[in-house]
Amino acid sequence: MRLPRFLLALLLLPGLALAQDMVMRDGITLTQAQEARAEAIGGQLRCLVCQNESIEESSAKLAKQLRVIIRQQVVQGVPDKQIMHYMVRRYGIFVLLKPPILPLTWLLYASPALALTAGFLAFWLGRHNHVKPVAPLNPAEQARLNELLK
């Protein structure tokens, strides 16, 4: 009776080793490599609720839903680029934490330089447009002023 249990344990051992390589995340079972891939993709996508966090860092409900979509596609074997295109098509270019330089995003990338230039111009124009000092009164005007103040 001992020998069959021992053989059964030997047969189950590879399955246990394989199960340890699996990860359960957001209700989806993935391998370690698939999880790393999903985290890398999620790290490039902006949480649409938090806006300054990736969906991997966010605890928002929408971010969790996006993580599930990504993990489902990773398990199905969809390439990373195709997953990113899917997210951009669905949520717009704003979903990318680092949007590419396109005519649509030129203003986004140029805004710091434009703001700095506008601030410098406002400072420079404000400094150089002072009211000129009034010329001192001539003796006739000074006499008239003294007469009015009496």
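See the values below:
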quantity	calculated
Cα-based reach from Lys61 at 18 Å (exclusive), listing aspartates and glutamates while leaving out same-chain residues under 8 positions away	Asp26, Glu39, Glu53
Distant-in-sequence amide H partners of Cys47 (H built 1.01 Å from N, under 5 Å)	Glu53, Ser54, Ile55
Partners for Lys64 among lysines (Cα-Cα distance below 21 Å; same-chain residues under 8 apart left out)	Lys81, Lys98
Eligible lysines near Lys132 by straight Cα distance, threshold 30 Å, same-chain separation 8 or greater	Lys150
Among 86-95, 101-110, the order from most to least packed when residues are scored by Cβ within 10 Å on average	86-95, 101-110
Percentage relative contact order, region 32-150, counting C-alpha pairs under 8 Å, at least six apart	19 percent
Cβ-Cβ FRET estimate between Val68 and Trp106, R0 fixed at 35 Å, reported to 0.05	0.55
Gln32-Lys61 pseudo-label distance in nm [points 7 Å out on the Cα-to-Cβ vector]	3.6 nm
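FYI, it's all coordinate maths here, none of it is from the lab. Since the model is a prediction, treat every value here as computed from it, not as a measurement. Neighbour counts run over all protein chains shown; Cβ positions are idealised from the backbone, glycine included.
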